[in-house]
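The values are calculated or read from the model by the stated rules, or taken from the named source; none is laboratory data. Keep in mind that this is a model prediction, so the values were computed, not measured. Cβ placement follows ideal geometry from the backbone for every residue including glycine, while neighbour counts extend to all protein chains displayed. For accessibility, only protein heavy atoms count, side chains too; no ligands or nucleic acids. Shrake-Rupley method; radii C 1.70, N 1.55, O 1.52, S 1.80 Å.
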Amino acid sequence: MSQGHFITLEGSEGAGKSTNVDTVCEMLDEAGITFYRTREPGGTDLAEALRKLMLAEWEETIDGMTEALIVFAARNQHLKTEIVPRLERGDWVVCDRFTDATFAYQGAGRGVDTRFLEALEQTIQGTLQPDLTLFLDVPPALAEKRIAGRSKDRMEKEEQEFFDRVRQGYLTRANKHPRMKIVDATQALDHVRAQVREILGNYLGSVNV
Ligand code: T5A
């Protein structure tokens, strides 16, 4: 179905995803590739509204399955209205987080049954998967230092143990899926950017760009 190229970036809070989405976009620009930059949860008006609901503070405890349903509702809207039409036209899409985040945060982090997440993934995405995923790996304690001083949303206020499970969830998935490339995001930004450029350069070479 998909003729385009779908690149995603993943990592825990403060791993440097947004910073390195910039690096990916710069490199695509240099290669003369037109692309669409977006993020999850979000990417459409409705999906951005769902993101706000998901990250807001609530007096009640938000169940992990509820979170999963919110992110997949947003994802369905995002895919149908923005991502899939572009991929079908052969365009490039760069997305800050995608379904790997759901397996890491709601699956490994919250303990939601993987079979439930896989069923949602299959129903909403069919066979669609990113072509390349850069996972920016950094221990939660270091990432936390990088974003110290920022105001925190509901997810960012979670305990370090939660983010340890999220990181393990990402690593387990990265070891299973060859499309996921691990970037050592503990290094200085210039070194992280160099790794991102190398991985993306290899991908561009593999698709003859
Ligand atoms: N979520 C999302 C789910 O639970 N399930 C899902 O399915 C999905 C899709 C989304 C939230 O939703 C959750 C996960 C999240 O909690 P988000 O905005 O995508 O939120 O994620 P955040 O991780 O909150 O985004 P951040 O902006 O906080 O983190 P980034 O993008 O990883 O980090 P970035 O690039 O802003 O960098 C943070 C700071 O570190 C510096 C940067 O300059 C910046 O100041 N920095 C470095 N400093 C030193 N060395 C380096 N190598 C550095 N790299 C960056």
(request) Quick one: pull the percent of accessible area on the range 1-63 belonging to carbon and sulfur, 1.4 Å probe, ligands and nucleic acids left out. (result) 49
(request) For Leu171 and Lys152, compute 0.36 nm times the residue count separating them, minus their Cα-Cα distance, and round to one decimal in nm. (result) 4.4 nm
(request) Order the peptides 139-146, 59-66, 181-188, 5-12 from the highest to the lowest mean number of other Cβ atoms within 10 Å of their residues. (result) 5-12, 181-188, 139-146, 59-66
(message) Relative to 2.2 N^0.38 Å, what does the C-alpha radius of gyration of the range 121-163 come to as a ratio? Two decimals please.
(response) 1.65
(message) Charges on Cβ only, +1 for Lys and Arg, -1 for Asp and Glu, centred on the Cα centroid of the chain; of Leu53, Phe163, Leu136, which one is farthest towards the dipole's positive end?
(response) Leu136
(request) Could you sort out which of Lys52/Lys157; Lys152/Lys176; Lys17/Lys52 sit more than 25 Å apart by Cα distance in this structure? (result) Lys152/Lys176
(request) Go ahead and set up a Gaussian network model of the chain, Cα springs under 10 Å, then flag whichever of Glu158, Glu48, Glu67 fluctuates most. (result) Glu158
(message) Between the range 139-200 and the range 18-49, what is the separation of their alpha carbon centroids in Å?
(response) 18
(message) Over the Cα atoms, compute the radius of gyration (one decimal) and Dmax (the largest Cα-Cα distance, rounded to a whole number) for the chain, in Å.
(response) 16.4, 52
(message) Only four residue types carry charge here, +1 at the Cβ of Lys and Arg and -1 at the Cβ of Asp and Glu. Report the dipole size of the chain about the Cα centre in Debye, rounded to the nearest 20.
(response) 280
(message) Accessible area per residue for the range 37-145 in Å², computed with a 1.4 Å probe and the full protein assembly in place, what is it?
(response) 45
